[in-house]
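Notes for the one structure printed next.
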Protein chains: 2
Amino acid sequence: MVKATGEARFTTDIALPGMLYGKILRSPHAHAGILHIDAGKALKLPGVRAVITGKELGVPFSLVDIPRKHPANKFPLAQDRVRFIGDEVAAVAAIDEDVAEEALERIQVDYQGLPAVFDVDEAMKPGAPRIHDHAEGNICWRELHGFGDVAGDFEKADVIREDEFTLPSVAHAALEPHCCVAQFDASGKLTLWTSTQSVHRVRLGLAKSLNMREGDVRVIKPFVGGGFGGKYEMMAFEPIAARLSQKAGLPVKLTLTREEVFIGTRLRHRGVFRLKTGFKKDGTLLTIDGRSIFDAGAYNSLGIVANKLSAMHFGLTYRFSSLKYETSRVFTNNPLPGAMRGFGAPQTDFAVESQMDMIAEQLGMDPAELRLKNALQPNCTTPNKLIINSCGLTECIQQARDKSGRHPKGQGAPDGHGAGMACAGFTSGTMNRYRDSEPFSAAVIRANGDGSVNLLVGAADIGQGSDTTLCQIVAEALGITLDDIQIISADTEITPIDQGTYASRITIMVGNAALDAATRIKDRLLTAVAEKLEIHADDLEARDRRIYVKGTPDIGVSFAEAVTLCQRSQGGRPVISDGYYDLGKRGCMDTKSGAPFDPPPAFSFCAHFAQVQADKETGLVKVRSITPAHDIGLAINPMGAEGQLEGSILMGLGYALTEEILWDQGKIMNPSLLDYECPTALDMPEINPIFVETIDPEGPFGAKECGEGAMTPVAPAITNAIHAAIGIRINEIPLTPEKVLAALEKKEVL
Amino acid sequence: MVKATGEARFTTDIALPGMLYGKILRSPHAHAGILHIDAGKALKLPGVRAVITGKELGVPFSLVDIPRKHPANKFPLAQDRVRFIGDEVAAVAAIDEDVAEEALERIQVDYQGLPAVFDVDEAMKPGAPRIHDHAEGNICWRELHGFGDVAGDFEKADVIREDEFTLPSVAHAALEPHCCVAQFDASGKLTLWTSTQSVHRVRLGLAKSLNMREGDVRVIKPFVGGGFGGKYEMMAFEPIAARLSQKAGLPVKLTLTREEVFIGTRLRHRGVFRLKTGFKKDGTLLTIDGRSIFDAGAYNSLGIVANKLSAMHFGLTYRFSSLKYETSRVFTNNPLPGAMRGFGAPQTDFAVESQMDMIAEQLGMDPAELRLKNALQPNCTTPNKLIINSCGLTECIQQARDKSGRHPKGQGAPDGHGAGMACAGFTSGTMNRYRDSEPFSAAVIRANGDGSVNLLVGAADIGQGSDTTLCQIVAEALGITLDDIQIISADTEITPIDQGTYASRITIMVGNAALDAATRIKDRLLTAVAEKLEIHADDLEARDRRIYVKGTPDIGVSFAEAVTLCQRSQGGRPVISDGYYDLGKRGCMDTKSGAPFDPPPAFSFCAHFAQVQADKETGLVKVRSITPAHDIGLAINPMGAEGQLEGSILMGLGYALTEEILWDQGKIMNPSLLDYECPTALDMPEINPIFVETIDPEGPFGAKECGEGAMTPVAPAITNAIHAAIGIRINEIPLTPEKVLAALEKKEVL
């Protein structure tokens, strides 16, 4: 409601007395040594209150920080070398943004140019410029997975296909740019309001960067205008704003420009996938030998999770008996990639789902039948050690096929219409934890004598609506309504710990924590009411804001009265409870299983059917409809879930057809929402959502994710439909009109 | 620290986007009917966003609201009648204060004058103007207490004295005026930042005034610049600001001017005490027959607590065998009195302690000896049913006498020097509760893996330093330091319930709640560490940020490690606990005892020795030194406690010598800090504080109050010293030079 009226306060709405404005000086060079920085002229500019350089922020950061193997190597401000165009070099706090900008211009930096490299293949060649001393051959990360008898399975195969797919770098393009307000006070305590997906992660990063204790840093998330993964890690601007505030002795607001969001935060990984896949003639999938190389950009970050998740996703859609997968990240002098909706899955599944269509064509099978034949089933363990409980993939394919009305066809239709499909599985929550000792998620609930309930959770609502969903879970558990619940979320000093919004974990993990707390509250209330009614608590139910004898709503008390009774019967003890969620509870923390990662609690599944119309004259593709079927476990908030499907489809549409970061020697050539072509509302196809509710045993009331997995199959469903429509197959998205025309021409020549 | 640097944010520092400024139109008449209000011209003024009148706030409020006997009868905005000069009539929200002021001038109110009455004796006469229909004879409240055989005791008495004492109206004069910012959002939720002593009381009042549920109102207390009782009740300006915000659809800040604080908030009760007291020749106190009448002003409010507490205070200092006490409140057309430091005690004890000196003189006894002879002793029940556990009154008298160096002397000293003394007991916390079902106080503590601890309490630090004291209690319980603890206090949506800062209740009540939570946390940590060390938890202690084997600090773990261990050993459950305090726990909730009020958990005691120098030529009195001895139970924060003694002495000094609200036909003639003469730092005497630590069984670590009780004996100690210095006895404070000179003249004439 407050968003609709404009009353919602975002970070940029915060104004503190005496607040300064921060600006960052960034490297114009892709690779250079810093010989000297002279900030003298900037400091003399009236209105400038502080200038800082690398000397003042000398601790490197990386959300994934593995000593030696993958050390933190990005400094909030460059130390003696810059490694990409946009690398942070110095920063200024001044009385307004104009003065701060002018001060940046007065900072003199003497650079010594160094040879740079922008392509992963070039970067791996002997003699290529070395970007980090610790990374020989510029290999940032490489891991190999092998399960089962790959060679033997290829021998058994009737059909083996080998294809290569190239995926572009794309941007989150959240409407709200990154922004924070930092306030150091005289007692040495830091408060940071920031547009983030994880207050606790940012707090941890800030504490490390500033050599403080986490408890002395308070991170608060106001309303957030979109994250999509791009606001999960702490970014350099956050410790920069903090240090500027500390030095100036005043609060500092630092808002990135749109250009800075493109060049200085994170992008989705670009990469190349090579897949060799073996099938039996009847369509049975036997084995996959995959290889991927991601462009790591100039520094370590959270990025290796893309490699790890891509490995997981090979096992998440179809049954196979063996797998080999080598995945690498290679340093270049490009801006940094990181988490983005789907993280590792859109690339993997584009390759897998494109190749599935090619195989269907080669085998002369219906693409849907091929997928049904191989679809993952419930209650199994995959060759790569994923424990699958609920799985509605088969139902998704069947129901979406039925609802979409048109089956995918091969080889082009005369009117330019065509239909295509793709599937995906996705992790619903992950195991990786904030710190070994901490819970994944916790919640605190207070029930009050007026029947209202307060819920405190660390989870970050970034626009996906998690605050609403969590309140719904508590309301359902306590038999009250959404209006009865006030939620405070994502303030490290107030709310219990949570790791943040990523890996589609909030509903399942924080939802379970909130449910745990609500259940404890309910138990106390039922006990108190049972005592008064002189019956057994098991004979009571909580519904319609009352607690009453099961089946006899008249015999009971209101929820508010129950709270009062409970407090009175327990000597005035308030009705407060904590709750938590930790996979340790369910005993699946066994990392000795050989799994390449900690096992997530559940997985969602989906199948999308796309209908497109391609214009052979112009190369333009119009997506007419998408019919997504999503195994969401249970749709707690169906309207919110539909919104997630719509957003996923918009993003997948851009990934398929228009969006692409354009590079020239490490420089992003289209860092604006005008030049970077996101689809708009006018580009949206008709959407016919289907929710398959499999009631997962691990989810709160059976719920699983639907915010990320649904993005993944959109692009391959569209490109498969284009193939169906006009017979072209391009393994390098986006399928811009130029590429479509070039492919048509080539095809006609052939 | 942040207060010293100016970084602390008070309510007035809050700026919200689009915020308006509110102003209140007040009655210029002491008693009048409202015939018509025309706000048309005000609404036409550019920049005016809302005007409201009584129609829009039609629910009366009073913190004490007893149907029929003492109903809420004050409306936030007058309905059809105004009853004192300053009564709220209409209010405006505009883009700035100047526009709002101008708009007030444009509101046309047609009044019809009514006869008014300003004196309690006049008000009780037949035919006096009736101020409220429900109050015959303008009697607002009257209660009679009787314990023991009063008539028989007077018969046994050797000496009976009967004296009358007149006490002035004085003001709190907190440096920060009352201020709030109200924000109604489109979802119908209200957030109010306000300078208050009780967020939960204000929330309750707002919910009633605005016909909302408490859970839909959030009240937040920023830093507060002093309260002294004057910011405990909800005041009219708070629902006015809220309604203005609701009507304008924007946030509204409403800051009272200094004049408004004087006329429109609360004052200390003026009143008359008549005491008839019977003694044996040897100084044994037998019986008291007391009568008091307080000026209730124009409306019901919290004021009757002054009557109730004055009744309690008769039993709190000396032993007697019977008591009769009649106490009344009488409506007049004067501004409202309410809570102020000591609430009922300064008036009562001025009368009692003045008369004690007169009796000592009459009996030819040393005033200290007379008091020692009758001083209340520990572990007793008073005739008026107060259960006394610890009581260090005797030690206070002895130690203060020894330290002050000079004994009180009667009858004047040639150099104008004189010494005097007075005693008092005071309630440490009260029983009255927010709502029957709610706890008095609750706390939530989270212990984190970095060794930091978060404490959430509803208690309001209004400058008295309760945040610090509560953190000290938690630090002591957990064996950590103040630096380890971050406290969030007084935000109804975040912190558990607390009734607020009044009756010197925070240290003992919220302190016990915090201690309860900390003890639960400690138990969990000790259990986890004991498990690891394979010993019994009873053999461990928590100290110096470690948990270790008693007497062997080397064998143990750090506090941070203990939290980690605990979380890990309990499946990731966070180390969070609630705690609470409720007298129900200790079984002293028996209101059938015949006590005129619920029994407080503990009582503080004190004795002050004052040395003054009086100038017979000018009538000026200079207080040279005060030696206060205070039975504080345990001084948790000695520096803070000394600050409380100093503040109490400054306030008592003003009460004795300079402060007085001057009235003319219901109009306050000195509503400014220039004309209302508070003592300044230059007037402060030398202070030699003594803490008597009796370790009360009910207090956290034995602590009791020291913020209010210490104020009470200051004025009688000074006036007793003046009597000793120059031989005059004036039973009507303040002893201004004019009164001193008049008394001297009268005495010389006699």
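FYI, it's all coordinate maths here, none of it is from the lab. Predicted model only: the values in this text are computed from it and were never measured. No Cβ is skipped: glycine too gets one built from the backbone with ideal geometry, and neighbour counts run over all protein chains shown.
Dipole size of segment B:135-251 about its Cα centre, with +1 on Lys/Arg Cβ and -1 on Asp/Glu Cβ: approximately 1180 debye, rounded to the nearest 20.
Amide H contacts for B:Asn73 (H built 1.01 Å from N in the peptide plane; partners 5 or more residues away or on another chain; cut-off under 5 Å): B:Phe61, B:Asn300. Eigenvalues of the alpha-carbon gyration tensor of segment B:628-750, scaled by 5 and square-rooted, set the equivalent ellipsoid semi-axes at 33, 19, 12 angstrom, largest first.
Residues of segment A:1-27 falling in the label zone of A:Thr257, defined by backbone nitrogen less than 17 Å from a point 7 Å along Cα to beta-carbon, are A:21-27. The label point for A:Leu175 and the one for B:Ile535, both projected 7 Å from the Cα toward the Cβ, are 6.1 nm apart. Using the Cβ of B:Asn731 as centre and a radius below 9 Å, the other residues enclosed give a net charge of -2, where K and R count +1 and D and E count -1. Look at the alpha carbon pairs under 8 Å that are at least 6 residues apart: their mean separation over the length of segment B:432-560 gives a relative contact order of 28 percent. Backbone amide hydrogens, once placed in the peptide plane, bring A:Ser428 within less than 5 Å of A:Ala602, A:Phe603, A:Ser604, excluding anything fewer than 5 places away on its chain.
Each of B:Thr5 and A:Asp13 was given a label point 7 Å from its Cα along the Cα-to-Cβ line. The distance between the two points is 2.8 nm.
For segment B:441-586, taking Cα atoms only, Rg and Dmax work out to 15.3, 47 Å respectively.
Karplus-derived 3J(HN,Hα) values for segment B:457-464, using 6.51 cos²θ - 1.76 cosθ + 1.60 with θ = phi - 60°, are 9, x, 4, 9, 7, 10, x, 7 Hz; glycine and proline are entered as x. Each 10 Å bin from zero up to the one holding the largest Cα-Cα distance in segment A:273-410 carries the following percent of pairs: 11, 37, 33, 15, 4.
Measuring against 26 Å, Cα to Cα, the residue pairs A:Lys3/B:Lys23; A:Lys532/B:Lys221; A:Lys156/A:Lys403; A:Lys221/B:Lys189; B:Lys156/B:Lys747; A:Lys189/A:Lys253 contain A:Lys3/B:Lys23; A:Lys532/B:Lys221; A:Lys156/A:Lys403; B:Lys156/B:Lys747 as the ones spanning a longer distance. Ordering A:Phe350, B:Pro599, A:Ala635 by Cα displacement along the dipole of the protein assembly as shown toward the positive end leaves B:Pro599 in first place; charges were set at the Cβ atoms of Lys, Arg (+1) and Asp, Glu (-1). Overall shape: prolate for segment A:178-312, with the ratio a/c of the largest to smallest alpha carbon gyration tensor axis at 1.5 or above and a/b above b/c. From the alpha carbon centroid of segment B:115-130 to that of segment A:523-583 is 54 Å.
Show me the helices of chain A, taken as full DSSP H stretches, that run 20 Å or more along their long axis by Cα and average -1.0 or above in Kyte-Doolittle hydropathy.
On the way: long enough: A:345-363 (26 Å, -0.16); A:511-533 (32 Å, 0.09); A:638-657 (28 Å, 0.54).
Span-like helices in chain A: A:345-363, A:511-533, A:638-657.
Here the calculated FRET efficiency for B:Arg319 and B:Lys403, from their Cβ-Cβ distance with R0 = 25 Å, stands at 0.50, rounded to the nearest 0.05.
If R0 is 60 Å, what FRET efficiency do you get for A:Glu122 and B:Asp683 from their C-beta distance, rounded to 0.05? The computed FRET efficiency comes out at 0.15.
Which number comes out as Rg/Rh for chain B once both Rg and the Kirkwood Rh are worked out on C-alpha atoms?
0.99
In sequence order, segment B:672-678 has phi-based couplings of 8, 6, 7, 8, 8, 8, 6 Hz under the Karplus curve 6.51 cos²θ - 1.76 cosθ + 1.60, θ = phi - 60°, and Gly or Pro positions carry x.
Building the convex hull from the alpha-carbon atoms of segment A:15-116 and averaging its projection over directions returns 7.7 nm². Label point of A:Glu143 (7 Å along Cα→beta-carbon): distances to the other copies' equivalent points are 7.2 nm, sorted ascending.
Diffusion coefficient (Stokes-Einstein, Kirkwood radius over C-alpha pairs, 25 °C, 0.890 mPa s) for the protein assembly as shown: 68 µm²/s, rounded to a whole number.
In nanometres and ascending order, the distances from the B:Lys55 label point to those of the other copies are 6.9 (point 7 Å from Cα along Cα→Cβ). Gyration tensor over the Cα atoms of segment B:74-145: the corresponding equivalent ellipsoid has semi-axes (square roots of 5 times the eigenvalues, largest first) of 34, 14, 10 Å.
Using a 7 Å projection from Cα along Cα-to-Cβ, the label point at A:Ile160 is separated from the same position in the remaining copies by 12.1 nm, smallest value first. With the Kirkwood sum run over all distinct C-alpha pairs, segment A:345-407 has a hydrodynamic radius of 13.0 Å.
With r defined as the distance between the Cβ atoms of B:Lys746 and B:Val159 and R0 fixed at 22 Å, what FRET efficiency is calculated, to the nearest 0.05?
0.35
The gain in end-to-end length when the A:Asp615 to A:Val549 segment is fully stretched comes to 17.2 nm, 0.36 nm per residue minus the alpha carbon separation.
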